[in-house]
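K.L.:
Input: one structure, supplied below.
Read the figures in this text as sums done on the coordinates, not as results from a lab. Quick caveat, the model's predicted, so the values are computed rather than measured. A quick note on method: Cβ atoms are made from the backbone with ideal geometry, for glycine too, and the neighbour counts reach across all protein chains shown.
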Amino acid sequence: MVGILVIVVLVVVAALVYVGMKEDRTRDPLQERLAQFGERDMPESLEDIELSLPFKDRVLLPLMRRLADVVVRFTPEKQLETTRKQIELAGMAGSMEPTTFFVMRIGATIGLGLMAFMVFFVLSKNSNGLVYVIGGAALGYFFPVLWIKSKISKRQTNVLKALPDALDLLTICVEAGLGFDQAMGKVYEKWDNDLAVAFGRVLREIQLGKLRREALRDMSERMGVPDVTAFTAAVIQADQLGVSMTKILRVQSDQMRVKRRQRAQEKAHQAPVKMMIPMVLLIFPSLWIVLLGPAVVFLLESGVMGKV
């Protein structure tokens, strides 16, 4: 068997060497690939182009857009503005529109309602199936709202964590001789978080002609974080009154570090209270079973608690 395996391996190696030596070294795989694309026939009409698109782009996305247009017609303008504001606070202004969000709510409502109908009405034939169907539809209607609120909370938390370090870097850059805009550019260049992306957007808006105070005020409104609002207000005031930007940034940096320390201390004081729930529901019952279990078994076997 060993001799047969050695012969098979040698034959395979010899075949691979032969194929490798026979291959044309002057052939360029990239040029052949480009030639294949060049030989393809160009579509003759718009119908051919549409048929070449995937099913999602041809059917699903246009259907969702039409449904979104119908929904927008019957949606109050105030609710649209509120939804647009929530999308901006969540940091998804470029990837989602209010119409898309409403379509998500409708789809989730119909989907979870049908799922509850299939589970509780068709499969289990529960007499209270209608209640579960209504509950599933209500869950689907409110789930996108809870999802976007969680995104807002997560983004604001990330901004709060990154703000003191960003202010330290801004202060160092300004003290080194850079302007405030160049310092924000350094933050945008060095980091990859929500605050750095917001600074990059402010710089692009300033390059397009918007005033710096307006761009900073819009940034604070898009974030909805009180610390960012206080920082931008101080920078705008210093810019209008001609106060030294270095002193303002140093004061703001010290205040943000103090606030971060206070938030950490607050969470540390809240930890014992939050730990009570898992301790009472999970840890204490386990301790009682481990400590009192042998005594209960002994009492049952001794007949004190009656025969089992």
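K.L.:
Could you line up TYR188, TYR141 from fewest to most neighbouring Cβ atoms inside 10 Å? Spell out each step's value before the answer.
P.N.:
Details: TYR188 20, TYR141 16.
Starting with the residue having the fewest Cβ neighbours, the order is TYR141, TYR188.
K.L.:
Among GLU97, GLU301, which comes first, second and so on when ranked by fewest other beta-carbon atoms within 10 Å?
P.N.:
GLU301, GLU97
K.L.:
Which trypsin sites (Lys or Arg not before Pro) from the range 97-206 combine a DSSP loop assignment with at most 16 other Cβ atoms within 10 Å?
P.N.:
Hits after loop and neighbour filter: LYS125.
K.L.:
Also, quick follow-up: Limiting things to C-alpha atoms, what are the Rg and the maximum Cα-Cα separation (Dmax) for the range 147-205, in angstroms?
P.N.:
Just the Cα atoms of the range 147-205 yield Rg and Dmax of 12.5, 44 Å.
K.L.:
Could you give the distance between the Cα centres of the range 70-112 and the range 244-304, to the whole Å?
P.N.:
Taking the Cα centre of each part, the range 70-112 and the range 244-304 sit 38 Å apart.
K.L.:
For q values of 0.16, 0.17, 0.18 Å⁻¹, compute log₁₀ I(q)/I(0) with the Debye formula on a Cα-only model of the range 196-307, without solvent.
P.N.:
-0.87, -0.92, -0.97
K.L.:
List, in the order given, every pair from LYS161/LYS186; LYS78/LYS161; LYS154/LYS267; LYS186/LYS210; LYS154/LYS259; LYS85/LYS149 whose Cα-Cα distance in the structure shown is over 22 Å.
P.N.:
Values: LYS161/LYS186 18 Å; LYS78/LYS161 32 Å; LYS154/LYS267 16 Å; LYS186/LYS210 20 Å; LYS154/LYS259 18 Å; LYS85/LYS149 11 Å.
Check vs 22 Å cut-off fails for LYS78/LYS161.
K.L.:
What is the packing order of peptides 223-230, 255-262, 163-170, taking the mean over residues of other C-beta atoms within 10 Å and listing the highest first?
P.N.:
Descending mean neighbour count gives 163-170, 223-230, 255-262.
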